[in-house]
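Right, one structure below, let's go through it.
The values are calculated or read from the model by the stated rules, or taken from the named source; none is laboratory data. In this text, all values refer to a predicted model and were calculated from it rather than measured experimentally. In this analysis, Cβ positions are derived from the backbone assuming ideal geometry, glycine residues included, and neighbour counts consider all displayed protein chains. Remember, those area values only see protein heavy atoms, side chains included, never the ligands or the DNA or RNA. Shrake-Rupley method; radii C 1.70, N 1.55, O 1.52, S 1.80 Å.
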Amino acid sequence: MTMVCHRPEGLEQLEAQTNFTKRELQVLYRGFKNVRSPPPKALRPGVISHRECPSGAVNEETFKQIYAQFFPHGDASTYAHYLFNAFDTTQTGSVKFEDFVTALSILLRGTVHEKLRWTFNLYDINKDGYINKEEMMDIVKAIYDMMGKYTYPVLKEDTPRQHVDVFFQKMDKNKDGIVTLDEFLESCQEDDNIMRSLQLFQNVM
């Protein structure tokens, strides 16, 4: 399998585009390179190894493996899949360093508005500009699955559905069965319970 080498954009450019300093970006890039996809067992002649050319990109399988280490008591694979797609803004099947730090910058140091827009994009699984009830259910259930059976207090099986029913009813202001970005932003900023839940979500990042 031929390696595609990806060199990140200049640190000066990323520094201008994110809320990280050049030094922080250097540290993040070193860490990012260390979790890249492992090379195939047998490299064909002429195929460059990762040690010679770090890819600067992570595929979905590696992303899932990394995420699973943080949640050993649950199944993080589905949530990691949705998160990977939110990071992979160009839908190339790999997350580049630029994708990674741009998202991280928003989630760690962005404004409330920026964080909410990013979260809306995560929940909008099919990227049609709206969130329907099934999409919200898929994300919430994936989070519950990831937290695992050691969640306290122990959750009933229908808890995710109840959670979604309450939140979707609050967000779908005009009762048309979908939540727009404006409805999402307005609901989150006027309801402390929703904001607390989203902050909890950001903690599983």
Worksheet item: Can you spot a residue in the stretch 14-30 that is part of a loop (DSSP other than H, G, I, E, B), at pLDDT below 90 and not aliphatic (A, V, I, L, M)?
Response: no
Worksheet item: Given (1) open to solvent by 30 Å² or more (accessible area, probe 1.4 Å); (2) over 30 Å from GLU12 (Cα atoms); (3) β-branched (Val, Ile, Thr); (4) modelled with pLDDT under 95, where does VAL140 come up short, assuming only one miss?
Response: (1)
Worksheet item: Which of the residues that make up the stretch 172-197 are among the acidic types (Asp, Glu) and surrounded by fewer than 16 Cβ atoms within 10 Å (Cβ to Cβ)?
Response: ASP176, ASP182, GLU186, GLU190, ASP191, ASP192
Practice prompt. List every residue pair whose Cβ atoms sit under 6 Å apart, with the two residues 6 or more apart in sequence or on different chains, where the first one lies in the stretch 57-84 and is at pLDDT 90 or above and the second, anywhere, is open to solvent by 60 Å² or more (accessible area, probe 1.4 Å) and in a helix (DSSP H, G or I).
Written response: ASP75/ASP145
Worksheet entry | Yes/no for ASP165 being at pLDDT below 85, of a type in the set (D, E, K, R) and at negative phi | no
Item to complete: Find all pairs meeting these conditions: Cβ atoms under 7 angstrom apart; at least six residues apart or on different chains; first residue within the stretch 93-117 and more than 13 Å from ASN19 (Cα to Cα); second residue part of a helix (DSSP H, G or I) and hydroxyl-bearing (Ser, Thr, Tyr).
Response: PHE97/TYR29
